[in-house]
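I have placed the structure first, in the form of structure tokens, so that the comments after it can refer back to it.
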Amino acid sequence: MRTMLGKGIIPWRKTATISRAVVIILFILWLEFMVQREYLDPLFVAPPSEIFRMMLVQFTNQNILQAYGITAIEVILGFLIGAIPAILLGISIGVSRYLDKAFTPIVLLVYSIPKITLLPLFILFFGIYINSKIAFGAAHAFFPIILSAIGGTKTVDASLITAAVSMGATRSQVFRSVIIPHTIYPLITGLRLGMNFALLGVLLAELFVSRQGIGYYVRVYTSGFETAELYAVVVVIALIAIFLNEVMRAVEKRLSRWQTG
Amino acid sequence: MRSRYDPRIPQIGAILFILLIWYGTTGLGWVHPLLLPKTTLVIRKLVELLQVPETYFHIGVTLFEMTVAYSISVFLGVGVGFIVGTYRYLTDVFEPILLAMYAVPLIIFYPLAILFFGFESGSKIAYSAVSGFLIIAIYTIMGIKSVSKQLIAVSMSMGASQRDMLFKVLLPAAWPIALMGFRLAVIICFISVVAGEMMAATAGLGFKIGQSSEGFRTADLYAYVLIIVIIAFIINWALRRSTTAEVV
């Protein structure tokens, strides 16, 4: 192994990936062992084998699948409703220095209010069904996206704009060919965070009060001490979140490639 | 110049504007009082609450949970972040795991925290400490990664001992970025504690918010939200004060 590494047959990066997989597998095996031997209370921790079995069972359960679907719709709608005004407002604020000075502090001020405290108000205004979840998800998605849109627009090099204008670019051309390509990379980062936050917002709202969606099942399983069912749902949500995040990160990398040259 | 661009003017203007709309619409009876109670009623409720010792008990519980959680997250976050950050291979192995965990909405683990630690402070502290830990560990690693290779090479060639390397090169150079993590974690810990209390608790500000909302005591609800917002602003303000003072 050592000589193989030394000669560089397995590249550095790959061994890190292998080690990472080993660490995760060891952790799962350790958990299995601890629960089987009852070092950890099976009432509180389900063994990974049982969680996996339960995941397969849940994937054939119509109600659970429907709950995932509802949550997915809430997240997507919340994300869109938060993202579109955030991008438009963010770019408009970012292009003008005066608007930036005037409004960015307000955005930051509102951003620093812990949104979770406003959750009961969202429920009062939008009801306990799907609307309040979408609204809360949108409120969560809005802020990282508007901040990144403002930040991204601001970082456009002024000399690039001057150059484009002096070469006869119209306002809309400057916008399309200079501002947008430069804004897109920080914006994608903001969209990625916004997606994570929308998911967080929707789950928070569902966990707080709900009749449907996956958060509802999390609550039901918790109060019923159905540990394996609970862990299965939690693990699936976590995997979905990780997957979404990785996809967005890949997009991020791809879109920023032209800038590194 | 300064007065025109003073950021406080639009800020105060925005707050006054919102208060005016609130005052106007409720005063004219355009909004159902159960949704949005009268401004004066909420302010009276707030003053009332601030005179009752019980309120300070709940504030105390929340701040206590937050402080304990933050201390744990600093301790573990710096420890893990430092060990993982200093060894290149460990960074390659563990940093993606930490980043992936950071993308997961940790609130879904909160029910598990309740199973383990019960309805009282334990579950809030655990949930909040994990949230804070991730941020601090990630920023500590980022900070150490940001230390320039040249700086390390130069100090090694000039014969810095292991200890000097650690305390005089790595830590000071990693500090500015790590500090950002420390700052973020304070707010994250506060928010997570309140979120945890709202989900299930026996005391704390979040618990009072949940209780008032279940009982449809909207004026109380708004008053508690205001208390939390005020605390969050104070924390933000104090952080900005303290950190700029240190950096400058």
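Can you give me the C-alpha center-to-center distance between the stretch B:99-144 and the stretch B:172-248, rounded to a whole angstrom? The stretch B:99-144 and the stretch B:172-248 have Cα centres spaced 15 Å from each other.
Largest GNM mean-square fluctuation among A:PRO105, A:PRO144, A:PRO186, using chain A with Cα springs under 10 Å: A:PRO105.
Let a ≥ b ≥ c be the square roots of the eigenvalues of the Cα gyration tensor of the stretch A:1-136; is it rounded (a/c under 1.5), or, if not, prolate (a/b larger than b/c) or oblate? Don't skip to the answer; put the middle values down first.
Numbers: a/c = 2.68, a/b = 1.45, b/c = 1.85.
Verdict is oblate for the stretch A:1-136.
In loop segments of the stretch A:181-246 as defined by DSSP, the trypsin sites (Lys or Arg not before Pro) with at most 13 further C-beta atoms inside 10 Å of their C-beta are A:ARG211.
Can you give the FRET efficiency for A:LEU99 and A:LYS253, using 1/(1 + (r/R0)^6), R0 = 22 Å, r = Cβ-Cβ distance, to the nearest 0.05? Spell out each step's value before the answer.
Details: r = 31 Å, r/R0 = 1.42.
Result of the calculation: an efficiency of 0.10.
Sorted ascending by nearby beta carbons within 10 Å, beginning with the fewest, A:MET195, B:MET180 become B:MET180, A:MET195. Among residues other than A:VAL35 with Cβ under 12 Å from its Cβ, the summed charge is -3 (Lys and Arg +1, Asp and Glu -1).
Bridgeable aspartates and glutamates around B:LYS208 (alpha carbons under 17 Å apart, same-chain partners fewer than 8 residues away excluded): B:GLU48, B:GLU54, B:GLU65, B:GLU120, B:GLU197, B:ASP220. Along the stretch B:205-215 the Karplus relation, 6.51 cos²θ - 1.76 cosθ + 1.60 evaluated at θ = phi - 60°, assigns HN-Hα couplings of 5, x, 4, 5, 4, x, 4, 5, 6, 5, x Hz to successive residues, with x for each Gly and Pro. The lysines within cross-link reach of A:LYS253, meaning a Cα-to-Cα straight distance under 23 Å and a gap of 8 or more places when in the same chain, are A:LYS14, A:LYS154, B:LYS145. With each label modelled as a point 7 angstrom along the Cα→C-beta vector, the B:VAL229-B:SER148 pair spans 4.6 nm.
Sorted by average packing, counted as other Cβ atoms within 10 angstrom per residue and highest first, what order do B:147-156, A:113-122 take? Intermediate results must be reported in sequence, preceding the final value.
Details: B:147-156: 12.1, A:113-122: 21.9.
So the order, starting with the most tightly packed, is A:113-122, B:147-156.
Given a 10 angstrom Cα cut-off, can you work out which residue in A:THR183, A:THR104, A:THR15 is the most mobile in a GNM of chain A? It is A:THR15. Counted by Cβ distance under 11 Å from B:VAL84, the other residues give a net charge of 0, where Lys and Arg count +1 and Asp and Glu count -1. Sequentially through the stretch A:198-204, phi angles give Karplus couplings (6.51, -1.76, 1.60; θ = phi - 60°) of 4, 4, 4, x, 4, 5, 4 Hz, Gly and Pro residues having no value and appearing as x.
Taking 7 Å steps out from each Cα toward its Cβ at A:ILE128 and B:ILE43 produces label points 3.5 nm apart.
Between A:LEU65 and A:GLN173, the modelled labels are 5.4 nm apart [label points 7 Å from Cα along Cα→Cβ]. Which net charge results for the neighbourhood of B:SER128, defined as the other residues with beta-carbon distances under 13 angstrom from its beta-carbon, given Lys and Arg at +1 and Asp and Glu at -1? Neighbourhood net charge equals -1. Could you tell me which of rounded, prolate or oblate describes the stretch A:102-261, using a ≥ b ≥ c as the square roots of the eigenvalues of the alpha-carbon gyration tensor, with rounded for a/c under 1.5 and, failing that, prolate when a/b is larger than b/c and oblate otherwise? In terms of gyration-tensor shape, prolate.
Taking θ as phi - 60° and the Karplus parameters 6.51, -1.76 and 1.60, the scalar couplings of the stretch A:181-187 work out to x, 7, 7, 5, 5, x, 5 Hz in sequence order, x denoting glycine and proline.
Of the chymotrypsin sites (Phe, Trp or Tyr not before Pro) in the stretch A:204-250, which ones lie in a loop per DSSP and count no more than 15 other C-beta atoms within 10 Å? Before the final figure, lay out the partial values.
Working: sites: A:PHE208, A:TYR216, A:TYR217, A:TYR221, A:PHE225, A:TYR231, A:PHE243; in loops: A:PHE225.
Those that pass, being in a loop and sparsely packed, are A:PHE225.
Where a number appears in this text, it was derived from the coordinates with a stated rule and is not lab data. This structure is a prediction, so every number in the text was calculated from the model and none was measured. Counting neighbours? That spans all protein chains shown, and the Cβs are built from the backbone with ideal geometry, glycine included.
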